[in-house]
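K.L.:
Below you'll find the structure I mean.
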């Protein structure tokens with residue numbers, strides 16, 4: 001079983017739609033959590049950190065459920081520019097970051 | 001954009017030849033990392049460095065060695081390349097380790113071993 005599991009998608013949604021991605025992790029001692037965005041043939045870039053209380057950045061909302069070892073990302077009012085692969089990242093500590101394989105999103109006009 | 005330069009960006013090499021990938025940063029960050037990314041696997045840590053001459057192994061270090069003789073440069077060497085090392089390699093940096101800190105990635109090096 002992979003340490004970080006994501007639905008690979010692809011998710012194909014129309015502009016303006018709300019879409020949610022889920023991620024589960026296996027190590028209950030994991031310390032911090034992130035969502036990264038990766039465009040095709042580009043490097044990953046930090047989208048947002050994920051806090052236990054949940055956090056929002058504009059149209060993006062991230063949630064963490066430590067008891068269920070589950071992380072989510074909600075994108076509201078999808079834009080064409082949101083098309084990318086979204087990587088769930090779990091920091092186990094001691095410089096050991098584990099990346100999910102990513103969920104691909106395509107937003108269509 | 002973080003000041004990270006990877007070279008070469010693209011390389012095709014033959015099985016059994018040595019290959020060195022270079023990562024150069026202008027941010028003076030203490031931590032540097034080498035990851036590989038393969039379909040279905042996500043990014044996996046190969047080696048990382050927490051200072052000049054200080055390195056440690058990551059999740060998939062077999063077949064790779066690294067060196068860091070200067071703060072700004074982190075070299076990844078495949079002593080004898082194999083087809084299983086065909087991948088995209090990303091260098092990354094962080095100011096003070098990954099605990100709660102953002103890591104920034106270079107643009108990637110595409111390596112094909114034939």
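Please treat every number below as a calculation from the coordinates, not as lab data. All of these numbers come straight from a predicted model, not from anything done at the bench. Don't worry about glycine lacking a Cβ; one is built from the backbone with ideal geometry, like all the others, and counts go over all protein chains shown.
K.L.:
In what order do A:89, B:88, B:12, B:66 fall by count of nearby beta-carbon atoms within 10 Å, going from fewest to most?
P.N.:
B:12, B:88, B:66, A:89
K.L.:
To continue, here is another question. If the viscosity is 1.567 mPa s and the temperature 4 °C, what translational diffusion coefficient in µm²/s does Stokes-Einstein give for chain A when Rh comes from Kirkwood over Cα pairs?
P.N.:
It diffuses with D of about 93 µm²/s by this estimate.
K.L.:
Now a separate question. Specify the residue with the greatest mean-square fluctuation among B:17, B:77, B:86, computed from a Gaussian network of chain B linking alpha-carbon atoms under 10 Å apart.
P.N.:
Comparing B:17, B:77, B:86 in the GNM, the peak value goes to B:17.
K.L.:
Taking neighbour Cβ counts within 10 Å as the exposure measure, how do A:50, A:107, B:52 sort from fewest upward?
P.N.:
B:52, A:107, A:50
K.L.:
So, one more: In Å and on Cα atoms, what radius of gyration and Dmax does chain B show?
P.N.:
Both quantities, over Cα of chain B: 13.1, 40 Å.
K.L.:
Treat the count of other C-beta atoms within 10 Å as a stand-in for reagent exposure and order B:110, A:35, B:34 from fewest to most.
P.N.:
Working: B:110 14, A:35 23, B:34 28.
Ascending number of Cβ neighbours within 10 Å: B:110, A:35, B:34.
K.L.:
Report the semi-axes of the equivalent ellipsoid for segment B:30-78 in whole Å, largest first, where each axis is √(5λ) for an eigenvalue λ of the Cα gyration tensor.
P.N.:
After diagonalising the Cα gyration tensor, the semi-axes are 20, 10, 9 Å.
K.L.:
Translational diffusion coefficient of the protein assembly as shown at 4 °C, 1.567 mPa s, Stokes-Einstein with Kirkwood Rh over Cα pairs, in µm²/s as a whole number.
P.N.:
Using the Kirkwood radius from Cα pairs, D works out to 72 µm²/s.
K.L.:
If I build a Gaussian network model for chain B, linking alpha-carbon pairs within less than 10 angstrom, which residue out of B:103, B:46, B:93 has the largest mean-square fluctuation?
P.N.:
Sorting by GNM fluctuation, first place goes to B:103.
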